[in-house]
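Laboratory data are not the source of any read-out in this text; all were calculated from the coordinates shown. None of these values were measured; they are calculated from a predicted model. Positions of Cβ are generated from backbone atoms using ideal geometry, with glycine treated the same way; all protein chains shown enter the neighbour counts.
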Amino acid sequence: MSISTMRLTFAAAGLMLAASASGANASYCGDGKTVTFAGIDWESGAFITEVMKTILSKGYDCQVDSIPGNSVTLEQATANNDVQIFAEEWLGRSDVWNKAVEEKKVIAVGKTFVGASEGWFVPDYVVHGDPARNIEAKAPDLKSVSQLTDPKIAEIFADPEEPSKGRFLNCPSGWTCEGVSTAKLEAYKLGETYVNFRPGTGTALDAAITSAYLQGEPILFYYWSPTAILGKFKLIQLEEPAYNEACWKELSSANGKRDEGCAFPDGWAFARPEFGSWKTSHRPPVHCDQGDATAGSCRHWRGRRRQDRSRSQVTVALSGRQSPAPRHQAGRCDRRRKAASPGQEGLGFPPPT
């Protein structure tokens, strides 16, 4: 995905939020209410949070704030309306979030970015070596998580504190991906042969990966994209059994069964309903481009139901029923259908189910 596409998505998401805040029927910002963001601390999430805060505060005179916390805590805060905007939510893996969706405490808003991925990774030099750094391939046949049960493979990723076991570098505790990867370790029968190591923060996770890579050491870890780590380093994502809904439902639930493992899924976008409600239809999304149309010509953002899924989404608490174009928006409404490639349908609100 191009940088320009990412920027368009970020801006459009912010404009939708601001448009709702200046709605005719109810003005969230106009009433002096503070729009509180989830203070998520991973790179992409922290960045888009600051972009949205800047758009709302500088462009629409909203009072904005953020509160820190781990993913699950902030998801619950969003469900309770203590947080109005969760700028990057990785969906379908949290009992707290799934319950909020079922109870219609959160609704769809838009895609933070498209083309995201996640999984378990090893450095490329573990499999192919790196002649330029005089690194020999230690696991030339490694392709799949199923091979991690081999004691010889586990030995390659030996835990420094418990060398009789391998080490799996998980997400920090409190991130929803930590719970899923922990469930996968059990499902793949790796719990007895690997230490489930959880760094204290996202920064510590990045530091551990970077240190191992620069020193040419083997490391097995969870990660996702788009991120600087996957952009800087040559990595291999290990194959997993194909995603299926039944498997994922068990893995993503704290009380689920651990009989089988499967790949990570794609997700949907959700937001709280009381910060805004849109009448939506099955028409293509409305795209407001720069041009000579008057402000207000893009009165509603309409979206059609998405059959594809993109992993990372904006979640928001909205108020007001109309969503007129922002006061700084000079653009024309182009109700054209974009190319129907997966994950590239643009921003909009899916119809209520």
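Using just the Cα positions, wrap the stretch 90-168 in a convex hull and report its mean projected area in square nanometres, one decimal place. Present the calculation step by step, with values, prior to reporting the outcome.
Working: hull surface 35.5 nm².
Result: 8.9 nm².
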Original post:
Taking amide H positions as placed 1.01 Å from N in the peptide plane, with prolines and chain starts having none, which residues 5 or more places from residue 239, or on another chain, fall under 5 Å of its amide H?
Top reply: 144, 145
Subject >> R0 of 30 Å, Cβ-Cβ distance residue 258-residue 51: FRET efficiency to nearest 0.05 >> reply: 0.20
Subject >> Amide hydrogen neighbours beyond the local backbone of residue 221, cut-off 5 Å, H modeled >> reply: 121, 169
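List the pairs from 33/249; 105/189; 53/104; 138/184; 58/232 whose alpha-carbon separation is above 31 Å, in the order I gave them.
33/249; 105/189; 58/232
Calculated FRET efficiency, residue 27 and residue 227, Cβ-Cβ r, R0 30 Å, to nearest 0.05? Could the numbers behind the result be given before it?
Numbers: r = 37 Å, r/R0 = 1.23.
The formula returns an efficiency of 0.25 here.
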Subject >> Nitroxide proxy distance, nm - points 7 Å out along Cα→Cβ at residue 104 and residue 158 >> reply: 5.9 nm
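Can you list the equivalent-ellipsoid semi-axes of the stretch 117-251, largest first and in whole Å, using the square root of 5 times each Cα gyration tensor eigenvalue?
Numbers: eigenvalues 96, 59, 47 Å².
Calculated on Cα positions only, the semi-axes equal 22, 17, 15 Å.
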**OP:** May I ask you to list the residues of the stretch 160-178 whose amide nitrogen lies under 17 Å from a point 7 Å from Cα along the Cα→beta-carbon direction of residue 143?
**Re:** none
**OP:** Any chance you could check the Cα centroid distance between the stretch 212-264 and the stretch 96-138 for me, in angstrom?
**Re:** 6 Å
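How would you rank 201-211, 32-42, highest first, on the average number of other Cβ atoms within 10 Å across their residues?
Details: 201-211: 15.7, 32-42: 19.2.
Going by the mean number of other Cβ atoms within 10 Å, highest first, we get 32-42, 201-211.
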Original post:
Ordered by residue, what ³J(HN,Hα) values in Hz, to whole numbers, does the stretch 43-59 give under the Karplus form 6.51 cos²θ - 1.76 cosθ + 1.60, where θ = phi - 60° and Gly and Pro are x?
Top reply: 4, 5, x, 5, 5, 5, 4, 5, 4, 5, 4, 5, 4, 6, 6, 7, x
Original post:
Once fully extended, how much extra length lies between residue 239 and residue 124, figured as 0.36 nm per residue of separation less the alpha-carbon to alpha-carbon distance?
Top reply: 40.0 nm
**OP:** Obtain the nm distance between the two label points defined at residue 58 and residue 203 by a simple spin-label model: each point lies 7 Å from its Cα along the Cα-to-C-beta direction.
**Re:** 2.4 nm
